[in-house]
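Following: one structure in structure tokens, then a few remarks.
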Amino acid sequence: MPKAEAIKYFTEKGDEYKLELIDGLEDGSISFYSQGNFTDLCRGPHLPDTSPIKAIKVMSVAGAYWRGDEKRKQLTRLYAITFPKQKELEEYLALLEEAKKRDHRKLGKELDLFTFSEKVGAGLPLWLPKGTALRERLVNFLKTAQEKAGYVQVATPHIGGKALYETSGHWEKYGKDSFQPIQTPQEGEMFMLKPMNCPHHCEIFASRPRSYKDLPLRLAEFGTVYRYEQSGELHGLTRVRGFTQDDAHLFCMPDQVKEEFKKVIDLVLLVFRALDFKEYEVQISLRDKEDRSKYIGSEENWEKAERAITEAVAEKGMKAVVEYGEAAFYGPKLDFMVKDALGRKWQLGTIQVDYNLPERFELEYVGADNQKHRPVMIHRAPFGSLERFTAVLIEHTAGRFPLWLAPEQAIILPISEKFNEQAKQAAELLKDRDIRTIIDERNEKIGRKIRDAEMAKTPFMLIIGEKEAGAGTLSVREHGQGDLGTMTAQQFQALVQERIQASFSGQ
RNA sequence: GCCUUUGUAGCUCAGAGGUAGAGCACUUCCUUGGUAAGGAAGAGGUCGCGGGUUCAAUUCCCGCCAAAGGCUCCA
């Protein structure tokens, strides 16, 4: 249809939205499609005809901003799904049901990992003992890996003077949308809850003169930060207002950037491999192509930073997608995206090259030439945040954590109360052998104890009855597998160690 | 923040203008049982919070808070 005719058609219909769309279309590329007596502007075709549509279900309704712009009006969007066969629709719905069972919010509650309290506040997770046990293991795992990679740990406070964020640019960029400054009895004195760790780390770098011999300086901190996320964005542990980043800032000389960046890629991949994350997308997050006002720093710095990332990725031989407009305001990023149970993508690991904050904080080191030089910063977090990482881990494993991470690795199940004493002795023995063990001392039958332990997804169940008490052995049952037979505590320990080692060597 | 929906016991949920109910969990007792739920009794709730309408509100209306699915945002 010619453009003029299309405009006439929608003017008569009084459809301002379609008129706006036509306005942006080339004359000659304007097509209409009809279905029955319904005719509308459509780029089409989606289907040759409607015959394959046999099963339809409306999934949800939601408001959606016109053309994705939150300053524009919101229209009602209907989400519906169709299949050629009713059975396929049912299968798809069953699949969704299965995915919901892996939902970390549901499993987090069932497995006693974390909780929320209205009194504490939305988006402020409370880690329960079992969740904390898991979290601490993740932390220790990464700390060990980082120590090997030449990182040093630092610790900084949860707040920082407002001036710190004026220097970094965070105040200007996010100040209004942040938790507001904290006042003190001292007139005019203000502190911010820290939304990032980098400014504090910059000050550590600046705390004394640095030599090129000190570089790269790798400052690591499991730093808890607070961001006032929009209320509608909060989502379980994946999007929260208080979270702990496995953060580090690497201060390097310009010619060290690429090499350091590649080493960080290796660290992220090590983490993903250890946790069996096989499906992830590597995303190069660059600036918005049109709107450059969102970013700080010179064109030259940005180009250098983007080049460092692109080249490092190419030299690593990694497949990556490029997304424009996804960069941080101070620099481009390499993001590792992983999907949750329902297929929603989340950013976990991130590595960022930053020429700008060192400039803003006037960071310097003395080079071999005895001249002052500006370092380059790499911001990086392999997990991203412990909260989000744990959430995705729960959904990937459906709560059946790798043995080395399981809050409880074994549960001792006495056949009857008569064997509780022997169970306690066995538990002590296993704890001495560094196996996290609990006992089910309840007055219940063995079938019941096994059922509950299976539901709690405890990796190993150790049954002690008359036979075992007499022989000094344990009957071992593996979660989801069944009876493995009897063995001594020593043999069981060997089994556990073997399993843990296997999970680290990629089976 | 915006749109739609939801909020009843620790959990999953039923209920109705006349001050609440089930299953599981919990406590006690009986049972001492060998690989996925033994039996009985008991206890447990300001029906998210604050207003309003009404003789009477947990139920109807308004506001707030929180949650779910989207949109927008994400240092």
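So if I place +1 on the C-beta of Lys and Arg and -1 on the C-beta of Asp and Glu, and nothing else carries charge, what would the dipole magnitude of the stretch A:410-504 be about its Cα centre? I want it in debye, nearest 20.
The dipole magnitude comes to about 180 debye.
Please report the relative contact order for the stretch A:220-301, taking Cα pairs under 8 Å with a sequence separation of at least 6, and give it as a percent rounded to a whole number.
22 percent
What shape does chain A take by its C-alpha gyration tensor, where a ≥ b ≥ c are the square roots of the eigenvalues and a/c under 1.5 counts as rounded, a/b above b/c as prolate, and the rest as oblate?
Here chain A falls in the oblate category.
A:D432 to A:K316: FRET efficiency via 1/(1 + (r/R0)^6), r the Cβ-Cβ distance, R0 51 Å, to the nearest 0.05?
FRET efficiency, A:D432 to A:K316: 0.70.
Going toward the positive end of the dipole of the stretch A:3-94, with +1 on Lys and Arg Cβ and -1 on Asp and Glu Cβ, which of A:P48, A:G68, A:S31 do you reach last?
A:G68
Considering the alpha-carbon set of the stretch A:1-130 alone, what are its Rg and its Dmax in angstrom?
Rg and Dmax of the stretch A:1-130, Cα atoms, are 22.6, 68 Å.
Mind running the shape call on the stretch A:98-168? Use the C-alpha gyration tensor, a ≥ b ≥ c as the square roots of the eigenvalues: rounded below 1.5 for a/c, prolate if a/b tops b/c, oblate otherwise.
Oblate.
Under the Karplus relation 6.51 cos²θ - 1.76 cosθ + 1.60, θ = phi - 60°, what is the ordered set of whole-Hz ³J(HN,Hα) values for the stretch A:171-183, x standing for Gly and Pro?
5, 5, 7, 10, x, 5, 9, 9, 4, 6, x, 8, 8
Please get the size of the charge dipole for chain A, origin at its Cα centre, with Cβ charges of +1 on Lys and Arg and -1 on Asp and Glu, quoted in debye to the nearest 20.
Computed charge dipole of chain A: roughly 840 debye.
Give me the percent of DSSP beta bridges within chain A that run antiparallel, rounded to the nearest 5.
Taking every DSSP beta bridge within chain A, about 80 percent pair in antiparallel fashion.
Can you sort A:W404, A:W66 from fewest to most other Cβ atoms within 10 Å of each residue's own Cβ?
So the residues, fewest neighbours to most, are A:W66, A:W404.
Over all pairs of distinct alpha carbons, what does the Kirkwood formula give as the hydrodynamic radius of the stretch A:401-474, in Å?
When all Cα pairs of the stretch A:401-474 are included, the Kirkwood radius is 12.2 Å.
Net charge near A:K345: determine it from the other residues with C-beta under 13 Å of the C-beta of A:K345, scoring Lys and Arg +1 and Asp and Glu -1.
Neighbourhood net charge equals -3.
Over chain A, what is the relative contact order in whole percent, taking alpha-carbon pairs under 8 Å and six or more residues apart?
The normalised contact order for chain A reaches 11 percent.
What are the residues whose amide H is under 5 Å from the amide H of A:G349, where those residues sit 5 or more places off or on another chain and H is modelled from the backbone?
A:F336
Using the 10 angstrom Cβ neighbour count as an exposure proxy, how do A:V58, A:V120 rank, fewest first?
A:V58, A:V120
Applying the Karplus parametrisation 6.51 cos²θ - 1.76 cosθ + 1.60 with θ = phi - 60° to the phi angles of the stretch A:330-341, what ³J(HN,Hα) value in whole Hz is obtained for each residue in order, glycine and proline being reported as x?
Working through the residues one at a time gives 9, x, x, 9, 10, 10, 9, 9, 10, 8, 8, 4 Hz.
With point charges of +1 on the Cβ of Lys and Arg and -1 on the Cβ of Asp and Glu, referenced to the Cα centre of the stretch A:132-222, which listed residue (A:L134, A:P185, A:P195) lies farthest in the positive direction of the dipole?
My answer, from the dipole projection, is A:L134.
Set the Förster radius R0 to 41 Å, insert the Cβ-Cβ distance between A:I56 and A:V120 as r into 1/(1 + (r/R0)^6), and round the FRET efficiency to 0.05.
With a Förster radius of 41 Å, E is 0.45.
Taken together, the values in this text are just the output of simple stated rules run on the coordinates, not laboratory data. Not measured: the values here are computed from a predicted model. For neighbour counting, all protein chains shown are included, and Cβ atoms are generated from backbone atoms with ideal geometry for every residue, glycine included.
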